[in-house]
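Notes follow the structure.
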Amino acid sequence: MPKIVIDDKEIEVPEDMTVLQAAEEAGIEIPVFCYHPKLSIAGNCRMCLVEVNNSPKPVASCAMPVCEGMVVHTNTPMVEKARKGVLEFLLINHPLDCPICDQGGECDLQDITMAYGGDISRFDLNKRAVPDKEFGPLIETAMNRCIQCTRCVRFSSEIAGIPEIGATGRGENMEISTYIQRTITSELSGNMIDICPVGALTSKPYNFKGRSWELSHTPSVDVFDAVGCAIRIDTRGREVMRILPRQNDEVNETWISDKSRFAYDGLKYQRLDRPYVRGEDGYLHPVTWEEAFSRIADKLQQVRGNHVAAIVGDMVDAEAIVALKDLMTSLGSPHLDCRQDSPCLGEGPRCSYLFNTTIAGIEDADFCLLIAANPRWEAPLINARIRKNYLANALRVTSIGPSHPLGYPVKELGNDPLILDQIVKGKHRICSSLRAAKRPMMILGQGALRRKDGGVILKRAQQIADTYGFVQRTWNGFNVLQTAASRVAGFDLGFLPGRKGYGVKEILKRAGKKNIEVVYLLGADEIDMKPLDKAFVIYQGHHGDRGASVADVVLPGCAYTEKDGLYVNTEGRVQKGLKATPPPGEAKEDWKILKALSDKLGLALPYRTPAEIRARLVEVNPLFDEVDCLQPARWEPFGEDGKLDPEPFEFAIQNFYMTDSISRHSITMAKCVQQILSQEKEND
Amino acid sequence: MTAFKFSKENVARVKEILTHYPSDRKASAILPLFELAQRQCGGWLPMEAIKTITEMLGVSVIRGYEVATFYTMFNLKPVGKYHLQVCGTIPCMLRGSEQLKRVCKRHLGIENKETTKDGLFTLSEVECLGACTNAPVVQINDVYYEDLDEKSFLQILKDLEAGREVKPGSVLGRQGSAPYKGKRRAHAKGK
């Protein structure tokens, strides 16, 4: 490892580091615009110039590899002059509209100019004017402000895998543009706003809504898919103003998907802010909590405990799940389910429903088999990892299932489940590559598991995993891609049909007809509500969506931004979301509602404080003891024997932008559906 | 718009061009292929051609568009049969390129970047064509016309309009940039 001296500090760094990274190690700040740790090196902004011994000119530190005996200075008069010069050039064409720029207050150019720039410009001619571009419903452009760092260009071609943006023209006429006016069709496009060091790309929904210094920041976890991205919720007063990613290299690196970032406006509409009870006239009438609970208590008194069923939705925190489970158990009901889409999952060992490879582990794989999985829509950040591995190591990806562009080359074997049989028997042309792979991984999508033969597919997947060495001593290449943030927690807490209990399908079939008289929906909106017409439905959740429309009693709960809660992502990682705003109106935290209801029913659940319910979680499953920590699941047999159904696969998600009660009520997401999905259709 | 296709003889040429580059670096062939396509399309490079060629080379369309917009010699809009590229850099300007542009305005009624209605001429002011000793210079399609003045340039335009052949090179009859008339040198000995 070479030893180098930076500003009289001697440090030893790995050979493949650049001077800039070495300086970062040494705790020395070098200002940058075009350099971004997750993107390729462009070296075009020249802001990172430093002085290196034996070099007559300043050197761009972001592109300069370290070598033994290098002596670097970052604070000499030469460097200072270089920085001043670069900034003066950058500001020649940059408008001084910081007071009306959304980036103001969190702008790299503003900060760096304050710290390193000169105080006057010697340029007294007109600045150039660049027409703004149409980048779709999420990104607002102000191209006059662009300093051509090309971070967005590199992001779209490297991370998003959809090279749609480029630097057209040359010199003074260089512009960042798409080749024709078209919306950017990436699920990660919002990240361009974050990486833009100036205010050229800003958030359209947040446009002119607030200033960065007015916002309070709450670190939390995303619940729009099962990846569990680290997010920062920015609030002003009671309102969520925007959502940004936090860095978590294990999960989302520094990116989040557009749904996670922009669906927050759905939190403002169609909220349940007080309890309702359906009256004789068939309409929901606002009532007090006491009245709502009385109505439930009256009904439950007439009904036997095992005639009550409960379904947990996709965005529910672990606390509420365990509280509902305890309540149902005390009522004597075994009819619990957290699988709204009824995949054949959950009853088996833990390894059968987890993303065992882990998200960061994807980078070590050398072969990836997708089975009815569309990671681009079901987990955009997992898709970004696969692409990262494809770029770094030319990961080979093959897919069984419908064809869908993923942003990297995919060898499509066709949409025929029987291929699995052929692979198990070693009779498919892909088998030789599978055998050759050292660290193969497979991703099983929910689309494969929610079929009737889901259990058989699971079995076949395990057979493939066993036959072709997907599972080794330090490597587990078997992955199930969950799409619901609450699903793994539901499995880990055993929110599944008990002895003689019914699953979602059975509950719906029997609801109101045979022995299922009361159905408790905890944020469950993705099931077919029609069969519930005749049953007595209690809906607890945050949106007046499908569930509330059939409910007899509506209990207003909290959305994920309004409560502290634990979530388990698809890898099995327990993560903590924090409360950023108070819930609207009379809405309460979900587990507290359940606790209060249990008191009313005389079944008092034995916990009153957050600490006590956490203790209960740990009691049910010790995994909840440690947050942000992964415990590998033991490899055990799972799945069921049987024959595969030749019916082709379907993906679990048909519309990326609207998958749940929050995104369905988001105006921004509605615009995305209108503009982006329709454009994709046109292109097809 | 219909998709762009290379003509039969150009397909063979494309194949030959691609052999100049390693097969995993065939994107390097983008410039010669653009040039070929521009010739085939009558002096301009349609978006459809960029799409076809980028697909052929396995790069994204926007990368091809970046290249096409970076190089000024690719015309992204149709040009006339005769593309008049008047050099406007200092030596030519001092020797009267402004007047040549005025001739275009007077005779053809076109300004910079405009095309005549009959589609015969397009005027472009370009940067140094590298023939300063023969300033002012106008490049018409592939050929240089040098040592021009208003009268000789007007004559060339009229000849082209009439479909007459015009001799390329210096209108004064200089050979290359050799001295004008006889063997005089810039600094004759003993002078």
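Here, each number is a calculation from the coordinates, and none is a lab measurement. Here the structure is a predicted model, which is why all the values come from computation and not from measurement. Positions of Cβ are generated from backbone atoms using ideal geometry, with glycine treated the same way; all protein chains shown enter the neighbour counts.
Quick rundown of the values:
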| read-out | value |
| --- | --- |
| Lys/Arg +1, Asp/Glu -1 at C-beta; segment A:1-150 dipole; positive extreme among A:Ile112, A:Leu91, A:Gly27 | A:Leu91 |
| Cα centroid of segment A:435-509 to Cα centroid of segment A:86-112, whole Å | 50 Å |
| For peptides A:312-325, A:417-430, sequence by mean Cβ density within 10 Å, most packed first | A:312-325, A:417-430 |
| Rule-of-thumb Rg ratio for segment B:8-70 [Cα; 2.2 N^0.38 Å; N residues] | 1.02 |
| Proportion of all alpha-carbon pairs of chain B beyond 27 Å (%) | 42 percent |
| Rounded to the nearest 20 debye, dipole of chain A from Cβ charges on Lys, Arg, Asp, Glu | 1460 debye |
| FRET E, pair A:Arg499, A:Lys452, Förster distance 22 Å, beta-carbon r, rounded to 0.05 | 0.40 |
| Equivalent ellipsoid dimensions for segment A:479-567 as semi-axes, Å, which come from the Cα gyration tensor, largest first | 22, 19, 11 |
| Compactness relative to 2.2 N^0.38 Å, alpha carbon Rg of segment B:82-170 | 0.96 |
| Positive-end residue of A:Phe536, A:Val471, A:Leu138, charge dipole of chain A with Cβ unit charges | A:Phe536 |
| Placed amide H near B:Phe121: partners under 5 Å, 5+ positions off or other chain | B:Lys81, B:Tyr82, B:Thr116 |
| In sequence order, calculated HN-Hα J values of segment A:384-398 (Karplus, 6.51, -1.76, 1.60; Hz; x Gly/Pro) | 5, 5, 4, 5, 4, 5, 4, 5, 7, 10, 6, 3, 8, 10, 10 |
| Helix-derived mean residue ellipticity, 222 nm - over chain A, DSSP H n ≥ 4, -39500 (n - 2.57), to 500 | -7000 deg cm²/dmol |
| For A:Glu526, A:Glu15, order by how many other beta-carbon atoms lie within 10 Å, fewest first | A:Glu15, A:Glu526 |
| Spin-label pair A:Asp273/A:Asp97, simplified geometry with 7 Å Cα→Cβ offset, distance in nm | 3.5 nm |
| Cα centre as origin, Lys/Arg/Asp/Glu Cβ charges: segment B:8-70 dipole, Debye | 100 debye |
| Degrees separating the helix A:590-600 axis from the principal Cα axis of chain A, which is the longest one | 20 degrees |
| Long-range amide H partners of A:Ile231 with built H, under 5 Å | A:Ser220, A:Val221, A:Asp222, A:Arg246 |
| Residue order, fewest to most surrounding Cβ atoms within 10 angstrom, among A:Glu51, A:Glu250 | A:Glu250, A:Glu51 |
| Karplus-derived 3J(HN,Hα), 6.51/-1.76/1.60, for each residue of segment A:98-115, Hz, glycine and proline x | 3, x, 10, 9, 5, 7, x, x, 9, 9, 4, 5, 4, 5, 5, 5, 4, 7 |
| For segment A:73-225, size of Cβ-based charge dipole, Lys and Arg +1, Asp and Glu -1, in debye | 480 debye |
| Percentage relative contact order, segment A:43-88, counting C-alpha pairs under 8 Å, at least six apart | 43 percent |
| Where Rh is the Kirkwood radius over Cα pairs, Rg/Rh for segment A:290-439 | 1.15 |
| In segment A:248-328, chymotrypsin sites (Phe, Trp or Tyr not before Pro) in a DSSP loop with at most 11 other beta-carbon atoms within 10 Å | A:Tyr283 |
| Per-selection Rg to Rh, the protein assembly as shown - Cα, Kirkwood hydrodynamic radius | 1.07 |
| 5 angstrom amide H check on A:Glu140, placed H, neighbours 5+ away | A:Thr202, A:Ser203, A:Lys204 |
| Of every Cα-Cα pair in segment A:65-188, the percent that sits beyond 22 Å | 49 percent |
| For segment B:101-136 versus segment A:643-671, the gap between their alpha-carbon centres in whole angstrom | 58 Å |
| Vicinal HN-Hα couplings computed from phi for segment A:116-121 (Karplus, 6.51 cos²θ - 1.76 cosθ + 1.60; Hz; Gly/Pro x) | 10, x, x, 9, 10, 10 |
| Hydrodynamic radius by Kirkwood, which averages 1/r over all alpha carbon pairs of segment A:387-463, in angstrom | 13.6 Å |
| Over segment B:82-170, relative contact order from alpha-carbon pairs under 8 Å, at least 6 apart, % | 33 percent |
| Column: log10 I(q)/I(0), Debye, Cα scatterers of segment A:1-129, q = 0.11 Å⁻¹ | -0.42 |
| For chain A: relative contact order, % (alpha-carbon pairs under 8 angstrom, 6 or more apart) | 15 percent |
